[in-house]
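This report refers to the structure that appears directly beneath it.
Read-outs throughout are calculated quantities, based only on the coordinates presented, and are distinct from any laboratory measurement. Bear in mind the structure is a predicted one, so any value in this text is a computation, not a measurement. So basically every Cβ, Gly included, is an ideal-geometry build from the backbone, and we count neighbours across all protein chains shown.
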Amino acid sequence: MSITFEFTAEPRSDLGKGASRRLRRAGQVPAILYGGGQDPLPLTLNHLNFVTQLQNPAVYSHVLTLKIGDQIETAVLRDLQRHPFKPTILHIDFLRASADRKLRVHVPLHFINESNAKGVKQQGGVVSHALIDLEITCLPKDLPEFVTIDLTNLGMGESLHLSGIPLPDGVELADKVTPGSDQDAIVVSIHHAHGGEESSVVAPTTPAT
């Protein structure tokens with residue numbers, strides 16, 4: 001069953017820091033909807049309802065439905081401004097999701113078969129995650145909930161780089177990466193466990209083949 005997220009919002013005309021503080025005291029959170037070749041639209045949402053839906057991590061990588069009066073908009077969650085120590089959302093940025101315009105968003109990485117990876121099961125290594133999400137570009141219809149990385153064949157001293165990540169059809173890295181370049185960052189690797197028999201040996205980190 002496909003997950004859907006729907007938020008009720010109201011347009012707001014009272015702008016500025018003072019107005020935003022009043023909204024927060026009233027249990028509301030200020031937001032902005034922008035992109036799609038249209039003017040930005042300031043909004044307000046119920047803070048409790050919004051935070052409740054944030055408990056599902058899938059909300060960060062799904063096309064959302066915004067009900068704004070009689071108007072329906074589709075959007076993705078582009079940015080959140082959080083209070084530094086209170087469980088409070090200070091501001092929300094929504095990016096319009098137009099069917100014919102590519103989105104640029106972050107999606108989580110899901111690593112599978114870690115315990116069965118060659119470098120772990122056969123060689124006693126430890127998996128090290130350098131990245132936990134990925135910035136991609138795609139049309140709204142192709143937006144994945146997450147990108148899966150299978151570690152079964154990753155051996156000791158090997159690493160998987162950005163250029164080696166298998167992406168779903170219609171999905172590309174947000175920034176083009178040339179294999180072996182400085183931008184081709186390590187995503188995940190397997191190395192010797194600290195304190196193990198070979199902990200003093202520095203295993204070379206080579207791209208997985």
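Give me log10 I(q)/I(0) at q = 0.09, 0.15, 0.16 Å⁻¹ for the chain, Debye formula, one equal scatterer per alpha-carbon, no solvent. For the chain, the Cα-only Debye profile gives -0.48, -0.97, -1.03. Note on Thr65 and His194: the model spin-label points, each 7 Å out from Cα along the C-beta direction, lie 4.9 nm apart.
Modelled spin labels at Ile3 and Lys141, positioned 7 Å past Cα toward Cβ, are 2.3 nm from each other. Determine the distance separating the Cα centre of the stretch 14-50 from the Cα centre of the stretch 144-178; give it in Å without decimals. The distance from the Cα centre of the stretch 14-50 to that of the stretch 144-178 comes to 36 Å.
Inverting the mean 1/r over all pairs of different Cα atoms, compute the Kirkwood radius of the stretch 6-98 and quote it in Å. Present the calculation step by step, with values, prior to reporting the outcome.
Working: mean 1/r = 0.0746 Å⁻¹.
Hydrodynamic radius (Kirkwood, Cα pairs) of the stretch 6-98 is 13.4 Å.
Would you work out the charge dipole size for the chain about its Cα centre, treating the Cβ of every Lys and Arg as +1 and the Cβ of every Asp and Glu as -1, and quote it to the nearest 20 debye?
Working: 18 positive and 23 negative charges, 209 e Å.
Here the size comes out at about 1000 debye.
A Cα-only calculation for the stretch 104-207 places Rg and Dmax at 14.9, 50 Å. Entry note, the chain: the mean residue ellipticity at 222 nm calculated from DSSP H runs of n ≥ 4, each adding -39500 (n - 2.57), is -2000 deg cm²/dmol after division by the residues and rounding to the nearest 500.
At 0.36 nm per residue, minus the direct Cα-Cα distance, what do Gln183 and Ala26 gain on full extension? Give it in nm, one decimal, please. Display every interim value, and only then the final one.
Values: separation 157, 0.36 × 157 = 56.52 nm, distance 4.52 nm.
Fully extending the segment from Gln183 to Ala26 adds 52.0 nm.
Once you compute Rg and the Kirkwood Rh from C-alpha atoms, what is the Rg to Rh ratio for the stretch 1-60? Intermediate values should be presented prior to the final figure.
On the way: Rg = 13.1 Å, Rh = 12.9 Å.
So for the stretch 1-60, dividing Rg by the Kirkwood Rh gives 1.02.
Note on the chain: dipole from Cβ charges, positive end direction compared against Ala193, Gly164, Val147; the farthest Cα belongs to Val147.
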